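Trainee: Sharing a structure here in structure tokens format.
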Amino acid sequence: MDLNLAVIADAANVSAEGKLNILGIFEDIFAPTLPATHPLMVLAVSLRAEMQEQGIKHMLEVKLIDADGHTVNYVGPMPFEAHAGASARAVNIPMIINLTNLKFEKFGSYRFDIYLDGKLLKEVALTLSPTQTASPS
């Protein structure tokens with residue numbers, strides 16, 4: 001199984017045709033004070049399963065890691081299987097992970113570690129910075 005895409009965004013959905021629609025991809029968030037709570041973001045992921053992987057059970061896990069290597073948030077385990085339906089070819093598997101009210105204790109670098117069956121597939125960077133205030137003239 002391969003990872004086609006992994007991004008942080010404001011919103012995402014999967015159409016009736018199985019298309020992954022993503023709105024507002026970002027890597028940076030801003031907050032005026034700490035601790036900061038981000039009300040909603042999504043981690044949009046697209047996996048590709050080959051024919052021989054159809055019907056095999058898999059497990060997806062996501063960890064939000066801070067700059068010191070500590071786990072700030074964990075989502076999972078999320079079990080799933082690939083199903084090609086009538087198609088006799090590889091299939092894309094769109095997944096949307098809603099992340100609500102994530103709390104950040106410090107400014108700096110973070111990353112989402114995405115694991116498939118216990119193996120790290122991808123790291124997606126995220127930075128929390130203080131909101132810039134306008135300097136008086």
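The values are calculated or read from the model by the stated rules, or taken from the named source; none is laboratory data. Please read these numbers as outputs of a predicted model, since none were measured by experiment. Here Cβ is always computed from backbone atoms with ideal geometry, including for glycine, and neighbour counts include all displayed protein chains.
Trainee: Taking the stretch 67-81, which residues are within 14 Å of Lys106 (Cβ to Cβ) and without any contact (Cβ under 8 Å) to a residue 12 or more places away in the chain?
Mentor: Matches in the stretch 67-81: Asp68, Gly69, His70.
Trainee: Would you check which residues across the stretch 28-53 are part of a loop (DSSP other than H, G, I, E, B) and surrounded by 11 or more Cβ atoms within 10 Å (Cβ to Cβ) and list them?
Mentor: Leu34, Glu50
Trainee: What number of residues in the stretch 119-137 are modelled with pLDDT of 95 or more and of a type outside the set (Lys, Arg)?
Mentor: Total satisfying the criteria: 10.
Trainee: Condition first: under 16 Å from Phe80 (Cα atoms) and of a type in the set (A, V, I, L, M, F, W, C). Now tell me which residues in the stretch 24-70 satisfy that. Working first, answer last.
Mentor: Of the stretch 24-70, the ones under 16 Å from Phe80 (Cα atoms) are 44-62.
Ala44, Val45, Leu47, Ala49, Met51, Ile56, Met59, Leu60, Val62 - these are the residues of the stretch 24-70 that are under 16 Å from Phe80 (Cα atoms) and of a type in the set (A, V, I, L, M, F, W, C).
Trainee: List the residue pairs whose Cβ atoms are under 9 Å apart, where the first residue sits in the stretch 115-134 and is more than 15 Å from Leu43 (Cα to Cα) and of a type in the set (Val, Ile, Thr), the second is at pLDDT 95 or above and surrounded by 12 or more Cβ atoms within 10 Å (Cβ to Cβ), and the two are 6 or more positions apart or on different chains.
Mentor: Once the first residue is more than 15 Å from Leu43 (Cα to Cα) and of a type in the set (Val, Ile, Thr) and sits in the stretch 115-134, its partners that are at pLDDT 95 or above and surrounded by 12 or more Cβ atoms within 10 Å (Cβ to Cβ) give Thr131/Phe30; Thr131/Ala31.
Trainee: Give me the residue from the stretch 90-114 that is polar (S, T, N, Q) and under 14 Å from Met41 (Cα atoms) and, out of that set, surrounded by the fewest Cβ atoms within 10 Å (Cβ to Cβ).
Mentor: We begin by selecting, within the stretch 90-114, every residue polar (S, T, N, Q); these are 92, 98, 100-101, 109.
Remaining after also requiring under 14 Å from Met41 (Cα atoms): 98, 100-101.
Details: Asn98: 11, Thr100: 10, Asn101: 8.
Looking at the filtered set, the residue picked out is Asn101.
Trainee: So for the stretch 81-89 (the condition being in a strand (DSSP E or B) and surrounded by 15 or more Cβ atoms within 10 Å (Cβ to Cβ)), does at least one residue qualify?
Mentor: No, the stretch 81-89 contains no residue that is in a strand (DSSP E or B) and surrounded by 15 or more Cβ atoms within 10 Å (Cβ to Cβ).
Trainee: For Met1, are the conditions met, namely being surrounded by 12 or more Cβ atoms within 10 Å (Cβ to Cβ), over 28 Å from Thr127 (Cβ atoms), in contact (Cβ under 8 Å) with a residue 40 or more places away in the chain and touching a helix residue (DSSP H, G or I) at 6+ places or on another chain (Cβ under 7 Å)?
Mentor: For Met1, the condition - surrounded by 12 or more Cβ atoms within 10 Å (Cβ to Cβ), over 28 Å from Thr127 (Cβ atoms), in contact (Cβ under 8 Å) with a residue 40 or more places away in the chain and touching a helix residue (DSSP H, G or I) at 6+ places or on another chain (Cβ under 7 Å) - is met.
Trainee: How many residues does the stretch 54-76 contain that are closer than 25 Å to Asp2 by Cα and exposed (fewer than 13 other Cβ atoms within 10 Å of the Cβ)?
Mentor: 5
Trainee: Now a separate question. Would you mind telling me which numbered condition in (1) in contact with a Lys or Arg (Cβ under 8 Å, 6 or more places away or on another chain); (2) at pLDDT 95 or above; (3) within 19 Å of Asn92 (Cα to Cα) Leu43 fails?
Mentor: Only one criterion is unmet by Leu43, namely (1).
Trainee: Report, by residue number, each residue of the stretch 2-27 that is on the phi < 0 side of the Ramachandran plot and either among the basic types (Lys, Arg) or not in a strand (DSSP E or B) (or both).
Mentor: Matches in the stretch 2-27: Ser15, Ala16, Glu17, Lys19, Phe26, Glu27.
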